[in-house]
């Protein structure tokens, strides 16, 4: 029964984490657009084709990279090898560096998404550990 619970928490951490991370990124984007409008920088929150700042590259493969990232982190936590989290984050950062080295907006999305993903997995692992401990 314990293995079934671990599998359930694994799915919650990996697959459902996608919705959590996307929600946090959408919230951050909305707050950024509201801040830009409130400060009067002349932007209405819409991309401007003539503005090179709006030509930031899109991060492709984010769904699968995020799922694999959360899966690896969850498995490292289950195995008691929390140092593996640093390895996952370092590999992801090095692999994505070319995508955001010239765009602060893309770098911000990367950082927010990575931290949201990390916090989600750690929270699910902690809640799952607590649940298994109390249930048994």
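Every read-out reported here was derived from the displayed coordinates using simple, explicitly stated rules and does not represent laboratory data. Given the structure is predicted, the values throughout are model-derived calculations rather than measurements. Note that each Cβ is placed from the backbone with ideal geometry, even for glycine, and that neighbours are counted across all protein chains shown.
This ranking places 120, 136 by how few other beta-carbon atoms lie within 10 Å of each, fewest first, which gives 136, 120.
Using a Förster distance of 25 Å, how high is the FRET efficiency between residue 81 and residue 112, based on the Cβ-Cβ distance and rounded to 0.05? Calculated value: 0.45.
Taking a ≥ b ≥ c as the square roots of the eigenvalues of the Cα gyration tensor of region 78-136, is the shape rounded (a/c under 1.5), prolate (a/b larger than b/c) or oblate? The shape class here is oblate.
Compared with the direct C-alpha span, the chain from residue 1 to residue 60 gains 17.5 nm at full extension, assuming 0.36 nm per residue.
Multiplying the residue separation of residue 94 and residue 34 by 0.36 nm and subtracting their alpha-carbon distance yields 18.5 nm. Neighbour counts of C-beta atoms inside 10 Å place 74, 9, 131 in the sequence 131, 9, 74, starting with the fewest.
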